[in-house]
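One structure below.
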Amino acid sequence: MDSACAELLKNAGINTIEDLLRMGATEPERQHLAKKVEVTYATLDRCVCRGDLIRTRGIGKKYAARAHGTAFQNTTDLTSNQRGQPSNFLS
């Protein structure tokens with residue numbers, strides 16, 4: 001997420017990843033929040049998915065960003081990984 005988007009989220013009262021995940025837990029909530037902070041739904045959805053991955057031990061910001069371009073968008077995708085470890089898609 002770029003710093004401008006982060007600042008908009010902060011202005012909306014979203015200060016942590018947990019805040020973002022709680023306030024953007026469902027599609028309707030994400031649509032509402034995207035309008036509120038004046039970003040596209042796709043941008044907000046990407047931020048929520050990355051936030052979900054960042055919370056996973058061993059993933060962090062770098063790998064969460066890399067994972068976004070793969071079939072792994074969130075922690076559910078990681079747990080259903082048929083290929084084994086998350087490192088299989090980050091190489």
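Can you give me the number of residues within region 8-55 that are charged (D, E, K, R) and outside any helix (DSSP H, G or I)? Give the derivation first.
First, the residues of region 8-55 that are charged (D, E, K, R): 10, 18-19, 22, 27, 29-30, 35-36, 38, 45-46, 50, 52, 55.
Within this subset, residues satisfying the condition of being outside any helix (DSSP H, G or I) are 38, 55.
Of the residues in region 8-55, 2 are charged (D, E, K, R) and outside any helix (DSSP H, G or I).
State whether the residues of region 21-32 include one that is of a type outside the set (S, T, N, Q) and touching a Lys or Arg at 6+ places or on another chain (Cβ under 6 Å). I'd like the intermediate steps shown before the answer.
If we filter region 21-32 for residues that are of a type outside the set (S, T, N, Q), which is where we start, we get 21-25, 27-30, 32.
Next, only the ones that are touching a Lys or Arg at 6+ places or on another chain (Cβ under 6 Å) stay: 24.
Looking for residues that are of a type outside the set (S, T, N, Q) and touching a Lys or Arg at 6+ places or on another chain (Cβ under 6 Å), one finds at least one in region 21-32, hence yes.
Take the conditions (1) in contact with a helix residue (DSSP H, G or I) (Cβ under 6 Å, 6 or more places away or on another chain); (2) among the hydroxyl-bearing types (S, T, Y); (3) modelled with pLDDT under 90; S91 misses just one of them, which is (1). Here region 8-43 is the region considered, the condition is being closer than 22 Å to T56 by Cα and basic (K, R), and the residue that is surrounded by the fewest Cβ atoms within 10 Å (Cβ to Cβ) is R22. With (1) surrounded by 14 or more Cβ atoms within 10 Å (Cβ to Cβ); (2) not in a helix (DSSP H, G or I) as the list, and C5 as the residue in question, which single condition is left unmet? The single condition C5 does not satisfy is (2).
When the residues of region 48-63 are narrowed to those that are modelled with pLDDT under 70 and of a type in the set (K, R), which ends up surrounded by the most Cβ atoms within 10 Å (Cβ to Cβ)? For region 48-63, the residue satisfying everything is K61. Taking every residue in region 7-33 that is touching a residue at least 40 places away in the same chain (Cβ under 8 Å) and pairing it with any residue that is of a type outside the set (F, W, Y) and crowded, with 17+ Cβ neighbours inside 10 Å, at least 6 positions away or on another chain, yields no pair with a Cβ-Cβ distance below 8 Å.
The values are calculated or read from the model by the stated rules, or taken from the named source; none is laboratory data. Treat the numbers as computed from the prediction; the structure is a model and nothing was measured. Heads up, the Cβs are rebuilt from the backbone with ideal geometry, glycines too, and the neighbour counts pull from every protein chain shown.
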